[in-house]
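Engineer: Here you go, one structure.
The values are calculated or read from the model by the stated rules, or taken from the named source; none is laboratory data. Just so we're clear, the structure is a prediction, and the values are computed from it rather than from any experiment. Heads up, the Cβs are rebuilt from the backbone with ideal geometry, glycines too, and the neighbour counts pull from every protein chain shown. Just so you know, the surface numbers come from the protein's heavy atoms only, side chains and all, with ligands and any DNA or RNA stripped out. Shrake-Rupley method; radii C 1.70, N 1.55, O 1.52, S 1.80 Å.
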Amino acid sequence: MQDNAIAEDIDNQVETATQASGLSEILAPHLSVVFCGLNPALSAERDGHNFSNRSNRFWRVLHLAGFTPRLLRADEEREILNYGLGLTSAVSRPTKSASELKKRDYITAVPALEDKIRKLAPRNLAFLGKAAYAAISLRAHVEWGRQPDEFAGASIWVLPNPSGLNRAFDLARLTEHYREMKLAI
């Protein structure tokens, strides 16, 4: 009976976390990595799936870096749970471009993100892009890769944003950063 109560409590935690925004988050307790996007794209909210825009390279990079054994489509997003992976956003408000977000949007979102990560206890939290982590950590300069501190008990990584709008990183360079994390964890 006690095991059922524990399982129900975890289910309630996941349910609460996945309803934090209009777009489903893909979360469960004790994942290896939760990838944290800056915020949902309007196209993702419209389609009902994370990273659904064809120009977004998230699913391809995840596969090429070795996180998934095959290339997943956005409509198969829940399958990442099978590989110990999850998805959330720093800010739940969808925008056409993350450049529409301000530093205060990230800072205001910290308590909810921190609560979610503390309850679900992933080993690693990977921010996709520097903006959210820089705002949250109050640092003007952030390097790519593993960070020296933790967030709500999770090791922090900062990876390049896989958005097609991020022209500073081609597919090979994106994959290199994500593979570095995969090999380290």
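Engineer: So what is the calculated 222 nm ellipticity per residue for the chain, using -39500 (n - 2.57) for each DSSP H run with n of 4 or more, over all residues, to the nearest 500 deg cm²/dmol?
Structural biologist: On the way: 6 runs with 70 residues, N = 185.
Helices in the chain give a 222 nm mean residue ellipticity of -11500 deg cm²/dmol.
Engineer: Determine the principal axes of the Cα atoms in the chain, then give the extent along each, sorted from largest to smallest and rounded to whole angstroms.
Structural biologist: Ordered largest first, the chain gives principal extents of 53, 37, 35 Å.
Engineer: Could you work out what % of the accessible surface of the range 119-185 is carbon and sulfur, using a 1.4 angstrom probe and leaving DNA, RNA and ligands out of the count?
Structural biologist: On the way: 1660 of 3270 Å².
The C+S portion of the solvent-accessible surface of the range 119-185 is 51 percent.
Engineer: Additional query: For the chain, what is the accessible area per residue in Å², given a 1.4 Å probe and the full set of protein chains? Write out the running numbers ahead of the final one.
Structural biologist: Details: 9630 Å² over 185 residues.
With the other protein chains kept in place, the chain gives 52 Å² per residue.
Engineer: Given axes a ≥ b ≥ c from the Cα gyration tensor, I'd like to know whether the range 95-185 is rounded (a/c under 1.5), prolate (a/b larger than b/c) or oblate.
Structural biologist: Values: a/c = 1.83, a/b = 1.12, b/c = 1.63.
Cα axes put the range 95-185 in the oblate bin.
Engineer: Okay, moving on. Would you mind calculating the relative contact order of the range 105-185 from Cα pairs under 8 angstrom and at least 6 residues apart, reporting the percent as a whole number?
Structural biologist: Working: 91 pairs, mean separation 24.1, N = 81.
For the range 105-185, the relative contact order is 30 percent.
Engineer: Run the quick spin-label model on D75 and L171: label points 7 Å from Cα toward the beta carbon, then report their separation in nm to one decimal.
Structural biologist: 2.2 nm
Engineer: For the range 58-117, what are the per-bin percents of Cα-Cα distances with bins 5 Å wide, up to the bin holding the maximum?
Structural biologist: P(r) over the range 58-117, rounded to whole percents: 4, 15, 21, 16, 17, 19, 8, 1.
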